[in-house]
1. Leaving out ligands and nucleic acids, and using a 1.4 Å probe, what accessible area per residue does region B:197-260 come to in Å²?
2. I need the shape label for region A:324-403. Rule: rounded when a/c is under 1.5, else prolate if a/b > b/c, else oblate, with a, b, c from the alpha carbon gyration tensor.
3. Taking a cut-off of 19 Å between Cα atoms, list the lysines near B:Lys123, but don't count ones fewer than 8 places away on the same chain.
4. Which of the cysteines in the protein assembly as shown are isolated, no other cysteine C-beta under 4.7 Å?
5. Using the alpha-carbon centroid of each, what span in Å lies between region A:370-448 and region A:277-348?
6. Can you list which of the DSSP-assigned H helices in chain B have a Cα extent of 27 Å or more along the long axis and an average Kyte-Doolittle score of at least 1.0?
7. Determine which residues of region A:61-98 fall in the zone a paramagnetic label at A:Asp135 would reach in this model, i.e. backbone nitrogen under 13 Å from the point 7 Å along Cα→Cβ.
8. Please report, as a whole percent, how much of the solvent-accessible surface of region B:221-264 comes from carbon and sulfur atoms (probe radius 1.4 Å).
Amino acid sequence: MNRFIKGLAASAVALWVAQVGFAGSAAAEGNKSLTAVLEAEIVTLDPHFTTAYITRTFGYMVYDTLFAMDGAGNIKPQMVDTWTVSDDNLTWSFKLRDGLKWHDGAPVTSEDVVASIKRWWEVAALGVQLRNATDAITADSATEFTIKLKEPFGLITTALGHPNAPVAFMMPKRLAETPANVQLQEVVGSGPFVYDRERHRQGDTMVLKRNDSYVPRSEPADFMAGAKVVNIDELVIKTLPDAVTAATALTAGEIDYVQYPPFDLLPVLEGDPNIKVLSFTGVNMYQGYFRLNHRLAPFDDPEIRRVLWSVVDQNSVPAALGLSGQYTVPDCKSFFLCGTPYETTAGSISPEAPSVELAKEALAKTKYNGEKIVILQATDIDATRVSSAVAADWLRQVGFNVELQAMDWASVLSTRANPEAWHLFGVHATGLDLSLPNTHFYTARNCVDYAGWHCDEKMGEYLAAFPRATSEEERKQLADRISERAYEITPAVMWGQIAQPAAYRSGFEGIIPSSIPVFWNLERK
Amino acid sequence: MYKPIASRLISIVPVLFVVSIVVFSLLYLTPGDPAHVIAGPNATAADVEKIREALGLNDSFLVRYASWLGDIARLDFGNSIMNGTPVVELIAQRIEPTLSLMFLTIILAVVVAVPMGVLAAAKVNTIADRLVMLFAISAFSVPVFIIGYVLARYFALELRWFPVQGYAYLADGVLPWLRHLVLPSVALGLVYIALIARITRAAMLEVLSEDYIRTARAKGLRSKRILFLHALRNASNPIVTVIGVGVALLIGGAVVTESVFGIPGLGRLTIDAILRRDYPVIQGIMLLFSFVYVLVNLLIDICYVVLDPRIRY
């Protein structure tokens, strides 16, 4: 009997091992699906409601845009087929492509488009500028609409196609008529993927199915522009808050794509023949900043703010984050990132070799009198945690009286809303937002009620002139002027330009190199 | 027996009321604002204010608390501030993974820890006893996330016996469900095993020195029978107590374990809700945890009566 029981147990164990032996190969064996772990859980599904990057990513999959940016930064038509501009540049007429449908089967009409634009331009930086320049927007026929301007606005297609969040995503009129400050509960887009509400398990998985009714453009896929041909049946977006677990699951073949593998595991992933690491350049990179509070002494004094340029060495924070040189652009002195259309170092006062000694000399010439400098440190995001810690160390060495306040990101967001509560915090954002002077979080928020509260008359003039410029050459000159003023008033100081590489199983081809992860065009080998 | 049980069940109401006041006050005093989280880092003050107004976050503490309490009285736990999903639905989606994890962990812990503790007590001051104590101290000392990563590294990544992450719902089959829970249960259970093993050992040592055990030995009873039938039963009250108290330990540990192993349970829902300042969700979960804790204590009290008929309420 004993022997029988032992035999039975051994058989059970053997069966168990045999069955669990291939644990983790599900994703690799899935015929037409892809499992991805993105930067965070997609919680807010209304792409006009938030500036959160993860909702923008969701938006690009499920919704579509009138125009879209290509890999070179050019704006190309997407839902729009053709458009014309009057001689005085004040009347813009657009015609939609034929065959566009919402996910509920209804045709996309110009009335839907007009309502969507009106919802979006209440909340988006570029949208507000377009709204202020617009006299009227009308639906002329089922597929044609017109924007009549009060004054020339050279960035009209840029505004409608730029990936700066919130993006001008289109939605049916019945949804778009919801006020922008009320979150939509229904998801109906016209993009290449369809949101599967039934299979959405919050905190676990979201499933996006291929939109079989989608009519792609004829041009090849190029960043957010061109043909959005989906070659997989469905995209499974898995929520894994622990980046190490996500990287381990990728190695084990349980998932196919990780948007943000941990920096310190990149060498391990690079050495795995089954995994490819996807790095980014130009607008797809991030730039880190130390945001400064202009309302609170001593940083209300521009002389004292400018001291920071002398000490911030752009190699230090990326190194502290564990990033190797191949993922950084060393010493980029451009507010609009390096490798982007408006790259400029005009007005730079950042020395070739910043140092504590240089900063001490600069500080000695100011009226700094030992006032406390409060640095906010968000401990739940690596880049903000590390950059704020490095800033605190630098400032202490220079001779500032520093208090580093550690908290979570949500607390930073609310604390920074109080002008009396802080002086500096570390933060980072993508080139998609920072590469354009009038969407840049710091140059463009001049005299806007936005944490940091800088306000400069000249900067305001340059920013107002930027969208009115009629040529690219004129815009580049204005970008130079804005850069000069930015160095002068120092709304923020760059701590480095970095890539946040993605990693994926090497069985896929055609992945679009984009910091907004999109899953059209790719196919499993 | 029924009267005290009914009385304990009724006492849940004031307990939950006090918990609700404490949780609501703490959340009110905690820095952070869901409107900022929803609007995103790049929103202006005006954008944030519109959202605050729409969500009713500008109302006073008392107005918000009274409104929430009124809803609770109608068994309406509210909706998530982040996306409008009913809190009850969110909790319902997450309760199975957490209950499964806790259930398996308790089973594993009791099955492993009690015999270990008995063995250590029976072989006190021998190598076996020392090994059990060494294990207990080690399991107490190593954080659950370290254990989790090590287990995932060897048993999932190297040997491929178990998946690295995720949860398979029971509806999808028992084997996948079990396969996904083995590593998390072991990771979470080690500290629990250590705790129960130590208490079992201590309780058993006390009982083994009693006269009736000596009498049983003198009568020639088999050692196993003495240990497991006579001694263990009489030593069981402190063991049951620590199993119950350990449920709180498990709830705390589940938060970390669920994060490490990517299990979409209540622990992760709690962390996410706190990080997003999703007040209705936090309040809902805290009430649930308090309810469970009171219930577990009630079960322990009932177990005392079953295990020791001398106890009366």
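The values are calculated or read from the model by the stated rules, or taken from the named source; none is laboratory data. Every value quoted in this text rests on a predicted model; they were computed, and no experiment measured them. FYI the Cβ positions are ideal-geometry reconstructions off the backbone, even for glycines, and counts take in every protein chain you see. Calculation scope for accessible area: heavy atoms of the full protein, side chains included, ligands and nucleic acids excluded. Shrake-Rupley method; radii C 1.70, N 1.55, O 1.52, S 1.80 Å.
1. Working: 3290 Å² over 64 residues.
Roughly 51 Å² per residue, with all protein chains present.
2. Numbers: a/c = 2.21, a/b = 1.30, b/c = 1.70.
Cα axes put region A:324-403 in the oblate bin.
3. B:Lys224
4. B:Cys303
5. Value for the Cα centre distance between the two parts: 13 Å.
6. Numbers: long enough: B:2-29 (41 Å, 1.86); B:87-122 (50 Å, 1.86); B:174-208 (43 Å, 1.49); B:236-260 (33 Å, 1.64); B:279-307 (42 Å, 2.03).
Passing helices, by number: B:2-29, B:87-122, B:174-208, B:236-260, B:279-307.
7. A:86-92
8. Working: 1200 of 1790 Å².
Result for region B:221-264: 67 percent of the exposed heavy-atom area is carbon or sulfur.
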